[in-house]
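Report on one structure; see the data block that follows.
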Amino acid sequence: MSVSQGQNVPTSAPASTAEAAPLQKEPINLATFPFADTATQQKAKSANAYLRTRVMSASPEELRLLLLEGAVRFARQGAEGLLAKNYEQVFTGLSQARDIVIELLTTIRADVNPELASNVKSLYVFIYQQLVEGSHEKDVSKVNKAIELLEYEVETWKLLMQQLVQEKARGAGVAPSTDPITAASSGVGRTPLAVQG
C-alpha cells in the first residue's frame, strides 16, 4: 500500500473493512486558540515591553530586587504546585526559582566585603539546596523555608536600598524618598554595593 503526501494513515490495523477508511483530520484554526486572541497578545506584548523597559532602566540594586522578587514568585508557584500535585507547575516554578538563585549567587562581588559576600553566598547555597530537595522529595516545607528566606532577603534588600538613598541624600542635601524603588531610580544612590552590574 502506498501513501501519497497529505494522506492520513491509521496507526493500527483496522478490525474490519468498514474501518479501513482514512482518518479525517480537522484543520487547526489558530484563531480559536486562547493564545491567538489579539487582546491577550496585546496584553502580553505590553507587559513584556513594560518589563523590558523596567529592567533596562534599573540600577544594579533594583535589578537585584527584581530578581529576588521573581525568585519568591516562582518558588511560591512551585509550592502551590506541590500542594495541588501539579508536577509540571512544580518543575516550572522551582526551576525558575533555582535559576534566579544561581544568578544571585554568581553576581556577588567578594572584593567589596569578603566576609559579607561569603555569608550571603552561603545563604544562597542553602536556599538553592532547599529548592532542590523540596522538588526531589516533594516536600513543601523545604520549599516554604526557601520562600521564607527569600522574602527576608527581599525585605533586607529594600531596607538597604532605602538606607543608601538616605545616606546619599544627606550628603547631597536632598530630602530622601521613603519608597526604596522610587528612591533608587531617582538617580540618588546609584553606587553598586556587592553586585556586579
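The values are calculated or read from the model by the stated rules, or taken from the named source; none is laboratory data. Keep in mind that what you see is a predicted model, and the values were worked out from it rather than measured. Note that we place each Cβ from the backbone using ideal geometry, even for glycine, and neighbour counts take in every protein chain shown.
Restricted to the stretch 96-142, and to residues that are surrounded by 14 or more Cβ atoms within 10 Å (Cβ to Cβ) and hydroxyl-bearing (Ser, Thr, Tyr), which residue is nearest to the chain's Cα centre (by Cα)?
Out of the qualifying residues, it is TYR128.
Across the stretch 69-93, which residue is nearest to ALA146 (Cα to Cα) among those that are under 9 Å from the mean Cα position of the chain (by Cα) and not small (Gly, Ala, Ser)? Break it down stepwise before answering.
Just the residues of the stretch 69-93 that are under 9 Å from the mean Cα position of the chain (by Cα), to begin with: 69-75, 93.
Then keep just the ones that are not small (Gly, Ala, Ser); that gives 69, 72-74.
Working: GLU69: 13, VAL72: 9, ARG73: 12, PHE74: 11 Å.
Of everything passing the filter in the stretch 69-93, VAL72 is nearest to ALA146 (Cα to Cα).
Could you check, for the stretch 165-176, whether at least one of its residues is part of a helix (DSSP H, G or I), at pLDDT below 80 and over 19 Å from the mean Cα position of the chain (by Cα)? Talk me through it step by step, then tell me what you get.
If we filter the stretch 165-176 for residues that are part of a helix (DSSP H, G or I), which is where we start, we get 165-172.
Add one more test, that the residue is at pLDDT below 80, and what stays is 172.
Among the residues that remain, those that are also over 19 Å from the mean Cα position of the chain (by Cα) are: 172.
Looking for residues that are part of a helix (DSSP H, G or I), at pLDDT below 80 and over 19 Å from the mean Cα position of the chain (by Cα), one finds at least one in the stretch 165-176, hence yes.
Of the residues GLY78, GLY70, which single one is crowded, with 21+ Cβ neighbours inside 10 Å and either in contact with a His (Cβ under 7 Å, 6 or more places away or on another chain) or in a helix (DSSP H, G or I) (or both)? Talk me through it step by step, then tell me what you get.
Working: GLY70 fails: crowded, with 21+ Cβ neighbours inside 10 Å.
So the residue among GLY78, GLY70 that is crowded, with 21+ Cβ neighbours inside 10 Å and either in contact with a His (Cβ under 7 Å, 6 or more places away or on another chain) or in a helix (DSSP H, G or I) (or both) is GLY78.
Any chance you could count how many residues in the stretch 146-162 are free of Cβ contacts under 8 Å to residues at least 40 places away in the same chain and within 16 Å of VAL125 (Cα to Cα)?
Qualifying residue count, the stretch 146-162: 3.
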